[in-house]
Amino acid sequence: FVLGSLLCVFAPNYSSLILGRFLQGIGISGPAVLGFVGIADESPPEKQAEFMGILNVIVTLAMAGAPILGSYVNFYTNWRGNFVVLLGLGVFCLIISYFAIPHKEGDSTVSLSPEAYLPLLRSERLLTFVLGICFLIVPYWLFIGMSPILYMKDLGIQLKHFGFYQGALCVVFSVTSMVSPKILKAFGQNRCLQFGIFLCFFSSSLLMMIALLGIRNPLCITCSMLILSV
């Protein structure tokens, strides 16, 4: 991630910028997963839901602030300004993680060969679960990724206001994550899952109506996506 950010800061052309972004994506994919794995490995089962909720809050609060901060950095500097910020944060996190993450000896009995994953890939139940989760999550991240084009280019939202639209989605996601352990405890996992799926279908229906009717109101689009965020 640090190398990718460095390349983005000094990118002489578009191809170099894309390569830097590619390296950033590869670099951040590990920490994005290992944070939750670390909680599962280091904390007792009864505390894992609470800690994962806290981790979700931290991540999504950062996501909520990033579009707002990033839009102002871009507004007052240029497109390289955000990559300078990312480079600084990457170096900081690299140093902190070295001292903060527990160091353990590897388990020699655990195989990391492709053959070790074959039983998982052959499990219909696991693949169904993974695909179901992916289909629920991907629309949210896809919208976050294409929202700058939608809001600023198609809907005419100014750069200095764009961050508040995208930030609202992340704030709602983070608040829901913050209170999710209490909600799960009060209503149970099955009810929460069913209600979550209902909200996804309800949000999808609203977005379908917006698309079919050609509604270009950014507030309506954002409110529909807020339901999906929950």
> From the residues in the stretch 18-38 that are of a type outside the set (Gly, Ala, Ser), over 24 Å from residue 55 (Cβ atoms) and touching a Leu at 6+ places or on another chain (Cβ under 8 Å), which one is surrounded by the fewest Cβ atoms within 10 Å (Cβ to Cβ)?
Replying inline: 19
> Residues in the stretch 47-59: is at least one open to solvent by less than 90 Å² (accessible area, probe 1.4 Å), under 22 Å from residue 95 (Cβ atoms) and hydrophobic (A, V, I, L, M, F, W, C)?
Replying inline: yes
>> Being surrounded by 15 or more Cβ atoms within 10 Å (Cβ to Cβ) and within 30 Å of residue 204 (Cβ to Cβ) narrows it down to one residue among 83, 143; which is it?
In response: 143
>> Restricting to the stretch 62-80, and then to whatever is open to solvent by 90 Å² or more (accessible area, probe 1.4 Å) and touching a residue at least 24 places away in the same chain (Cβ under 8 Å), can you tell me which residue is farthest from residue 145 (Cα to Cα)?
In response: 75
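For (1) among the small types (Gly, Ala, Ser); (2) surrounded by fewer than 16 Cβ atoms within 10 Å (Cβ to Cβ); (3) within 19 Å of the chain's Cα centre (by Cα); (4) part of a helix (DSSP H, G or I), each residue gets a yes or a no:
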position	(1), (2), (3), (4)
172	no, no, yes, yes
175	no, no, yes, yes
179	no, yes, yes, yes
192	no, yes, no, yes
220	no, yes, no, yes
225	no, no, yes, yes
>> Consider the stretch 13-57. How many of its residues are of a type in the set (A, V, I, L, M) and in contact (Cβ under 8 Å) with a residue 12 or more places away in the chain?
In response: 10
> Do you know which residues across the stretch 166-216 are closer than 17 Å to residue 147 by Cβ and aliphatic (A, V, I, L, M)?
Replying inline: 168, 169, 171, 172, 206, 207, 210, 211, 215
> How many residues does the stretch 96-116 hold that are within 25 Å of the chain's Cα centre (by Cα) and surrounded by 10 or more Cβ atoms within 10 Å (Cβ to Cβ)?
Replying inline: 3
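The values are calculated or read from the model by the stated rules, or taken from the named source; none is laboratory data. Computed from a predicted structure; not experimentally measured. All Cβ positions, glycine included, derive from the backbone under ideal geometry; neighbour counts span all protein chains shown. Just the protein is used for accessible areas: all its heavy atoms, side chains included, with ligands, DNA and RNA removed. Shrake-Rupley method; radii C 1.70, N 1.55, O 1.52, S 1.80 Å.
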